[in-house]
Amino acid sequence: MFDQGDQRHSLFIVRSIFKELLCIIGLTFIGAAYGLLSGLSPKPWAKPELPAGAIHFADANVLNPIWLDARPVELFEQGHIEGALWLDPEDWESGIPTLMDTWLQNPRPIVIYCSSETCNTSRSIAKQMRDALPQAEIYYMEGGWSHD
Amino acid sequence: MTKINSSGLILLIARLAVAATFLMAALPKLQAPLEFAESVSAFQLIGPVASLWVAITLPWLELISGIGLVIPQIRRSSAFIISLLLLLFIGLHVSAWNRGLDISCGCFGAHEDLTADYTWPILRNVILLCATIAIAIRDFRHHSRLKTPKA
């Protein structure tokens, strides 16, 4: 059984922890606000900046690039960007010879896309492909592409 | 002078290690919030705008909790918040592993190997969680002994 002293002690502990938590949360918000006001962090309500190596469909289309479709083959067969080459997302290295043939015939930027905004495959492949083909201009398409 | 016994010394080392880990995790994310937002987004649990909010606030929470772990006035709550964060990170990694997502951890910023390897981040977070819980228990006991309210 708790006596009054124990209850007072528990209440004291809860209060002091609550104060500590408020202090940490307050400092976190001050830090986040500083980041937003100083320009250290991008503003979520503003139009997001494009990350390095990313490109929008409209901008990529102007470049007349080599399109690489990194979606599952079923989705590629349902529809893809005109002229796109399919790249096995599980084994993208196997598509390098075909890609090199196309690229050597007419060197131009390479744009890799997958199916959605949150799809990470195209970004991941683009990063690794830049290391494998340092002389090529390689982007991944922001927002992905789907056959609708 | 305060005498430190061997368990106290181990906990002091653990405290400094957890604090340093959280500082090292927070600083690259603060420098590159967009890249971190992408790592958050890759877990496919929240949208891009929510990911950006997480990328703006989470590194500060990690930084302040990490520093707070060595500040006596806020170290209990810092340990509590770090424990919750580590539980969250473990859950996120298990979830991503279960869904077969091939994503990077994003734990120490975006400049990591993109090959997904969930075993080490989960194991590391479990070790950090055990250390933080041990630190929190000691801090609670210590604080209770020191500050007893007057009747």
Query raised in the report: Of everything in the range B:52-75 that's facing another protein chain (nearest Cβ under 8 Å) and touching an Asp or Glu at 6+ places or on another chain (Cβ under 9 Å), which residue is surrounded by the fewest Cβ atoms within 10 Å (Cβ to Cβ)?
Result: B:GLN73
Report task. For the range A:31-54, state whether one or more residues are more than 10 Å from chain B (Cβ to nearest Cβ) and within 22 Å of A:PRO107 (Cα to Cα). Result -> yes
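Looking for whichever is touching a Lys or Arg at 6+ places or on another chain (Cβ under 7 Å) and either farther than 30 Å from B:LYS29 by Cβ or part of a helix (DSSP H, G or I) (or both) here; the options are A:ILE25, A:ILE17. Which one fits?
Matching residue, one of A:ILE25, A:ILE17: A:ILE17.
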Query - Unmet requirement for B:PHE43, which otherwise passes all of (1) crowded, with 17+ Cβ neighbours inside 10 Å; (2) part of a helix (DSSP H, G or I); (3) more than 7 Å from chain A (Cβ to nearest Cβ); (4) not hydroxyl-bearing (Ser, Thr, Tyr) - result: (2)
Query - Filter pass, B:GLY91 being within 8 Å of another protein chain (Cβ to nearest Cβ), free of Cβ contacts under 8 Å to residues at least 24 places away in the same chain and either surrounded by fewer than 22 Cβ atoms within 10 Å (Cβ to Cβ) or touching a Lys or Arg at 6+ places or on another chain (Cβ under 9 Å) (or both) - result: no
Query raised in the report: Scanning the range A:106-138 for residues that are over 15 Å from A:LEU85 (Cα atoms) and touching a residue at least 60 places away in the same chain (Cβ under 8 Å), which turns out surrounded by the most Cβ atoms within 10 Å (Cβ to Cβ)?
Result: A:ARG123
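Please work out if B:LEU34 is surrounded by 13 or more Cβ atoms within 10 Å (Cβ to Cβ) and either under 14 Å from the mean Cα position of the chain (by Cα) or facing another protein chain (nearest Cβ under 9 Å) (or both).
On the way: surrounded by 13 or more Cβ atoms within 10 Å (Cβ to Cβ): yes; either under 14 Å from the mean Cα position of the chain (by Cα) or facing another protein chain (nearest Cβ under 9 Å) (or both): yes.
Here the answer is yes, as B:LEU34 does meet what is asked.
Each row is one residue, and each column tells you yes or no for (1) under 19 Å from B:ALA50 (Cα atoms); (2) surrounded by fewer than 14 Cβ atoms within 10 Å (Cβ to Cβ); (3) away from chain B (no Cβ under 14 Å).
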{"position": "A:GLU20", "(1), (2), (3)": "no, no, no"}
{"position": "A:CYS23", "(1), (2), (3)": "no, no, no"}
{"position": "A:ALA60", "(1), (2), (3)": "no, no, yes"}
{"position": "A:ASN64", "(1), (2), (3)": "no, yes, yes"}
Query raised in the report: Of the residues B:ILE122, B:ILE137, which is more than 30 Å from A:PRO51 (Cα to Cα) and either modelled with pLDDT of 85 or more or loosely packed, with under 14 Cβ neighbours inside 10 Å (or both)?
Result: B:ILE137
Report task. Kindly check whether there is at least one residue in the range B:12-29 that is surrounded by fewer than 14 Cβ atoms within 10 Å (Cβ to Cβ), basic (Lys, Arg) and more than 26 Å from A:ARG123 (Cβ to Cβ). Result -> no
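The values are calculated or read from the model by the stated rules, or taken from the named source; none is laboratory data. Keep in mind that what you see is a predicted model, and the values were worked out from it rather than measured. Note that we place each Cβ from the backbone using ideal geometry, even for glycine, and neighbour counts take in every protein chain shown.
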